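Data block below; observations after.
The values are calculated or read from the model by the stated rules, or taken from the named source; none is laboratory data. This one's a predicted model, so the numbers in the text were calculated from it and none came from an experiment. So basically every Cβ, Gly included, is an ideal-geometry build from the backbone, and we count neighbours across all protein chains shown. SASA here: full protein model, heavy atoms, side chains in, ligands and nucleic acids out. Shrake-Rupley method; radii C 1.70, N 1.55, O 1.52, S 1.80 Å.
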Amino acid sequence: MEHDPEALQDHLDRYAELVRASPHNLLSRAGLEALEDRHIPECVRFARRLPQGPRLLDVGSGGGLPGIVIAIVRPDLELHLLEATTKKARFLTEAAETLGLVVEVHNGRAEEFAGGPLRGAFDLVTARAVAPLQKLVGLCGPFLASGGQIHAIKGERWAAEVTDATSEMRRVGLRVLADPTDTPELDPKVVVLGR
């Protein structure tokens, strides 16, 4: 899909329609107002910047930002979506089927899956608006394969979150590989962690 801009936009528009048509509160009113102008374009830019890596897990996929958008933009990735809320996990499954996307949806909390077959299984782990980095390290770290990376979309407080997470990162053997100061012109702000 990535190579055909018209087909890509069609899939993104259809995804936005699915979010708006859902009876579930996938986004806040403000989030819905900014869906096409901010949230989807931000996730498209994020997806395009992700490195090659066959297996990706999106933790806390919610209404599909960025997980479903990544699936649309990056069909080269084997994509897994992890969502704790059953109605949102059901939406993700239905949206993927409607859009013809190949994704596997896991319904449950990250802590529940961290000790099972998903442990250490992913080259890339992504998260957006899930938790502060200090907590995110513990939620996402267990899923990383050797040499894997966490790509976390963060807000304006990203630097303070990195500082707050320093001891937790050290405890689990992760370090900052890249942060928004490396590419200040790019949006969204992404902190990349790895071993």
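So, by mean Cβ neighbours within 10 angstrom, what's the order for 60-73, 155-168 with the highest one leading?
60-73, 155-168
Collect residues whose amide H, placed 1.01 Å from N in the peptide plane, falls under 5 Å from the amide H of Val125; neighbours closer than 5 in sequence don't count.
Leu57, Gln149, Ile150, His151
Taking +1 at the Cβ of each Lys and Arg and -1 at the Cβ of each Asp and Glu, which of Val105, Gln52, Leu82 sits farthest along the dipole of segment 1-136 towards its positive end, judged by Cα position relative to the Cα centre?
It is Leu82.
Once the mean 1/r over all distinct Cα pairs of segment 1-159 is inverted, what Kirkwood radius in angstroms do you read off? Show your work: numbers first, answer last.
Details: mean 1/r = 0.0639 Å⁻¹.
By the Kirkwood definition, the hydrodynamic radius is 15.7 Å.
How compact and how long is segment 125-195, expressed as Rg and Dmax of its alpha-carbon atoms in Å?
Just the Cα atoms of segment 125-195 yield Rg and Dmax of 11.0, 32 Å.
Could you sort the peptides 127-139, 176-188 by per-residue average Cβ neighbour count (10 Å cutoff), highest mean leading?
In descending order of packing, they fall as 127-139, 176-188.
Pairs of alpha-carbon atoms within less than 8 angstrom and 6+ residues apart define the contacts here; what relative contact order does segment 85-195 have, in percent? Could the numbers behind the result be given before it?
Details: 154 pairs, mean separation 25.3, N = 111.
Relative contact order of segment 85-195: 23 percent.
Can you pull the percent of the chain's accessible area that's carbon plus sulfur, 1.4 Å probe, other chains left in place?
Carbon-and-sulfur percentage of accessible area, whole number: 49.
With a cut-off of 8 Å between alpha carbons and a minimum separation of six or more residues, what is the relative contact order of the chain in percent?
Numbers: 334 pairs, mean separation 34.2, N = 195.
Relative contact order for the chain comes out at 18 percent.
Need one number: nm distance between label points at Thr93 and Thr166, each 7 Å from Cα along Cα→Cβ, rounded to one decimal.
Reported label-point gap for Thr93 and Thr166 is 4.5 nm.
Quote the FRET efficiency, to the nearest 0.05, computed for Asp4 versus His24 with a Förster distance R0 of 41 Å and r equal to the Cβ-Cβ distance. Please report the intermediate quantities before stating the final value.
Numbers: r = 30 Å, r/R0 = 0.74.
Working from the Cβ atoms, E equals 0.85.
Over segment 71-116, with the other protein chains present, what is the accessible area per residue in square angstrom, probe 1.4 angstrom?
46
Can you compute the charge dipole magnitude of the chain about its Cα centre, using +1 on each Lys and Arg Cβ and -1 on each Asp and Glu Cβ, nothing else charged? Give it in debye, rounded to the nearest 20.
780
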